[in-house]
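The values are calculated or read from the model by the stated rules, or taken from the named source; none is laboratory data. Fair warning: this is a prediction, and the values are worked out from it, not measured in the lab. Here the Cβ positions follow ideal geometry from the backbone for every residue, glycine too, while neighbour counts run over all protein chains shown. For the accessible areas, the whole protein counts, side chains as well, though only heavy atoms, and no ligand, DNA or RNA atoms are used. Shrake-Rupley method; radii C 1.70, N 1.55, O 1.52, S 1.80 Å.
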Amino acid sequence: MAAKLYDVSESSGDDRLRHVLSRPLYNKWGNIADDEDVWIDAGIACTAGEEPRVTDQRSKETDDEYSERIRQLRMDAFEAWDAAREQRVSEIKEFVAAYDGFVDSSSSDSGDDIPTEFTVRMRLPGVGLRDFVFNYAYLFEVAEPDVVHLPTPTSPGGAKPSGPATILAPPRDAPAVCVIDSGIQENHRLLKSSIDNAESRCFFGSDPTDVADYVKPSGHGTRVAGAIVFGDAVPSSTSFQAEFWIQNARILNASNLLPNRKAIYEMLDEIVEHFRNGQKATRIYNQSVNAFGACRLRHMSAWAAKLDELSHRFGVLFIQSVGNIDPTSMVRPRLGVKEHLSAGRDYPDYLYEKSCRISNPSQSLQALSVGSVSADVLRSPDWNSFADDKFRPSAFSRAGRGIFRTVKPDVVEIAGDYLRSPSGDVAAPPEGRHLYPELVRCTLHAPGPAFDHDAVGTSFAAPKVTRIAARLQSLLPNSSTLLYRALIAQSARWPDWAFRGTAKEQTSAIRHLGFGVPDLERATGNTDYRVTMLTKQTRDLGARQAHVYQVRIPRKLRTTGRAGEVLIEVCLSYSASVRRTRRTRRGYLSTWLDWQTNFVGEDAETFLDRVLQSSADVPDPSRDRFQWTVGERSNWGNIRDVSRSAGTLQKDWCIVDADELPEDFLIAIVGHQGHSVSPTDTAKYNLTVAIDLLGEEVEIYDDMQVETETLATEVEVEQAEAEVDEAEV
């Protein structure tokens with residue numbers, strides 16, 4: 001028999017609801033009938049005492065003995081946590097069975113990390129749901145499963161003819177990219193030579209071989225795969241050498257929805273295990289599938305947290321679209337562009353609305369989240385583009401910031417724009433075809449050309465960035481995906497309207513554009529006037545530790561009046577283990593990192609003393625800082641209310657007159673304690689630094705190469721490691 005509802009006062013009950021329920025579920029709570037079946041994802045806290053504190057190595061303890069002691073402590077702790085989880089699962093199954101509901105309590109091994117929560121997908125009638133929410137003590141979050149949202153193609157119009165292009169298969173050892181989507185038309189004549197059919201898999205239901213693209217009329221995953229293979233232009237004649245293998249991971253059912261009985265976070269576990277451990281050891285994953293509404297900001301969602309966990313654990317990179325705003329929608333709070341305009345919120349102001357915030361799971365700290373910008377401008381009597389210039393935010397592209405006030409999207413790419421008519425209609429009609437990306441079309445469900453300009457959406461911006469990541473893997477096959485992510489962000493630039501804009505314009509730009517539009521050439525090479533330096537090997541850094549890097553600036557560059565303006569760009573990309581129960585970045589990450597640089601004129605010894613003495617010391621405001629665009633703290637950069645240290649991808653840039661450059665440019669990476677109290681827990685990171693002469697008046701590549709004593713883009717830097725006094729930053 002089902003338990004009675006917990007006897008709580010109205011006020012205390014409402015407090016619990018506000019604390020536990022997602023906003024959409026809270027808003028509909030009072031209208032859920034007793035016999036109405038409701039699907040939920042329940043976040044269950046799972047603790048069994050304090051995390052073991054690992055002391056320093058004992059005086060007579062060998063390294064092997066110390067390692068074994070740490071291993072045993074962690075094993076004991078994991079077993080205790082696992083026992084607590086099994087007990088909670090058993091309780092939940094018994095509870096759900098009493099209401100004749102459904103529960104999928106499968107949860108994956110989290111590797112070396114001790115779990116503190118797990119998420120359960122279940123179905124309960126309304127009366128059982130209320131009983132569960134009020135009575136089960138270990139709940140920290142209850143949310144309805146995400147409803148995914150895919151862009152709707154326009155009707156084909158004026159399509160290019162499908163010529164007899166010959167697509168050559170990639171080299172056998174070429175990188176593989178996994179497309180997590182609606183499936184792919186694998187026998188499509190433009191794609192079939194690039195598909196790794198042997199690894200294709202459907203991750204729900206009873207038929208793992210059912211991997212077709214069922215999105216009508218012309219597909220979604222098929223379009224995404226084509227954008228990865230071909231980039232901006234699909235070949236219509238001659239031959240084309242494909243560079244990457246495409247792997248097909250189908251997650252959407254025949255109705256183009258995520259299945260209720262198999263949660264996306266469970267499918268992601270299986271996807272990474274299947275492809276990462278497969279023959280091609282896949283490390284790059286494109287997920288152009290988003291939830292319908294804005295992401296939540298109270299807790300990291302189970303979907304987004306899974307991206308973070310898998311990224312850190314398996315060393316993989318997820319490229320994730322940020323989601324779209326429909327041309328029109330009357331479903332509050334998910335208003336479309338037309339409804340925002342009718343309410344007096346013009347473009348781009350409506351993009352700041354909460355309902356237009358980036359959608360789940362693009363708030364993930366580790367995923368490289370991608371938004372969209374316009375390709376061009378259309379002005380006609382019938383239709384006009386929203387953007388009035390190239391590289392303006394697309395009218396449909398959701399904006400940041402993300403959870404923990406992080407910079408999101410991370411980067412943007414061209415994926416079209418909506419048009420509006422004098423009568424107030426909003427659409428992506430065939431008249432604007434030249435503004436839309438060129439995409440491969442699925443032809444399984446309706447006749448039409450093999451490719452066309454007939455759809456817009458951030459779904460098709462993400463694979464263009466994925467293409468850059470795959471190219472980086474080709475060039476740097478033994479490097480980490482953290483480095484690929486850093487180089488993509490490092491290569492990104494704002495368009496001129498933002499790059500040279502006012503503080504207000506730049507504050508808007510970072511919410512719409514993130515770090516800007518990536519560039520393949522900047523990500524993969526140098527010029528005589530631009531040098532990118534990097535830590536080729538991924539490094540580990542613990543709390544209260546610092547790595548200090550020194551970049552020598554050639555005298556030739558610092559000579560008065562010779563070189564003009566110099567752009568300095570620094571990008572830190574790191575990962576750490578996560579805990580979804582926590583509501584702050586410091587609690588969410590086991591160890592968090594940030595970076596700082598020397599002042600203008602501050603020598604290495606002084607900088608080192610300042611960094612290692614205490615990261616809490618507020619620098620003397622009279623000292624000359626480099627004028628960073630974002631800033632180490634929210635009130636230090638040109639952009640206010642944004643801190644570069646909020647996320648795990650920390651890029652910043654400044655413009656300096658060459659004759660004001662120091663002889664040594666110094667960068668300190670500092671580790672801080674997050675949720676972990678163990679001295680053995682570390683974050684993994686890669687660092688990149690670029691020096692770019694904007695006026696191209698003095699060639700610097702050879703001189704920088706001599707100063708750093710390195711080859712190509714790799715730089716070896718002077719490094720100092722020491723203990724840092726922990727403090728609030």
> Restricting the search to the stretch 310-331, which residues are open to solvent by less than 10 Å² (accessible area, probe 1.4 Å) and assigned to a loop (DSSP other than H, G, I, E, B)?
Replying inline: Val316, Val322, Gly323, Ile325
> Looking at (1) open to solvent by less than 10 Å² (accessible area, probe 1.4 Å); (2) within 29 Å of Asn360 (Cβ to Cβ), which is the only condition Glu413 fails?
Replying inline: (1)
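Residue-wise test of (1) at positive phi; (2) modelled with pLDDT of 75 or more; (3) in contact with a helix residue (DSSP H, G or I) (Cβ under 9 Å, 6 or more places away or on another chain).
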| residue | (1), (2), (3) |
| --- | --- |
| Ala616 | no, no, no |
| Arg625 | no, no, no |
| Ser645 | no, yes, yes |
| Gln650 | no, yes, yes |
| Val656 | no, yes, no |
| Pro662 | no, yes, yes |
| Gly671 | no, yes, no |
>> On the basis of being modelled with pLDDT of 75 or more, within 30 Å of Thr680 (Cβ to Cβ) and touching a Phe, Trp or Tyr at 6+ places or on another chain (Cβ under 8 Å), does Arg16 make the cut?
In response: no
> Of all residues in the stretch 512-533, how many are outside any loop (DSSP other than H, G, I, E, B) and either touching a strand residue (DSSP E or B) at 6+ places or on another chain (Cβ under 7 Å) or open to solvent by 20 Å² or more (accessible area, probe 1.4 Å) (or both)?
Replying inline: 11
>> So for the stretch 318-336 (the condition being within 22 Å of Arg586 (Cβ to Cβ), in contact (Cβ under 8 Å) with a residue 40 or more places away in the chain and in contact with a Ser or Thr (Cβ under 6 Å, 6 or more places away or on another chain)), does at least one residue qualify?
In response: no
>> Looking only at residues that are surrounded by 14 or more Cβ atoms within 10 Å (Cβ to Cβ) and part of a helix (DSSP H, G or I) in the stretch 588-614, which one is modelled with the lowest pLDDT?
In response: Leu612
> All but one of (1) within 17 Å of Thr688 (Cβ to Cβ); (2) in contact with an Asp or Glu (Cβ under 7 Å, 6 or more places away or on another chain) hold for Thr524; which doesn't?
Replying inline: (2)
> Going through the stretch 61-85 one residue at a time, which ones are over 30 Å from Tyr136 (Cβ atoms) and among the aromatic types (Phe, Trp, Tyr)?
Replying inline: Tyr66
> Taking the stretch 436-485, which residues are open to solvent by less than 20 Å² (accessible area, probe 1.4 Å), in a loop (DSSP other than H, G, I, E, B) and out of contact with any strand residue (DSSP E or B) (no Cβ under 7 Å at 6 or more places or on another chain)?
Replying inline: Tyr436, Cys442, Asp454, Val456, Ser479
>> Name the residue that is most open to solvent (accessible area, probe 1.4 Å), counting only residues in the stretch 487-502 that are at pLDDT below 95, out of contact with any Lys or Arg (no Cβ under 7 Å at 6 or more places or on another chain) and of a type in the set (A, V, I, L, M, F, W, C).
In response: Trp497
>> If I ask for residues that are basic (Lys, Arg), over 29 Å from Arg555 (Cα atoms) and buried (at least 17 other Cβ atoms within 10 Å of the Cβ), which ones from the stretch 636-661 would you list?
In response: Arg644
>> Step by step: first the residues of the stretch 392-408, then only those that are of a type in the set (S, T, N, Q) and over 12 Å from the mean Cα position of the chain (by Cα), then the one that is surrounded by the most Cβ atoms within 10 Å (Cβ to Cβ). Which residue is that?
In response: Ser397
>> Quick check on my filter: what residues within the stretch 292-309 are assigned to a helix (DSSP H, G or I) and out of contact with any helix residue (DSSP H, G or I) (no Cβ under 6 Å at 6 or more places or on another chain)?
In response: Ala304, Ala305, Leu307, Asp308, Glu309
>> Contact list please: Cβ distance under 6 Å, first residue in the stretch 422-436 and over 17 Å from Phe451 (Cα atoms), second residue modelled with pLDDT of 90 or more and in a helix (DSSP H, G or I), pairs at least six apart or on different chains.
In response: Val426/Val337; Val426/Lys338
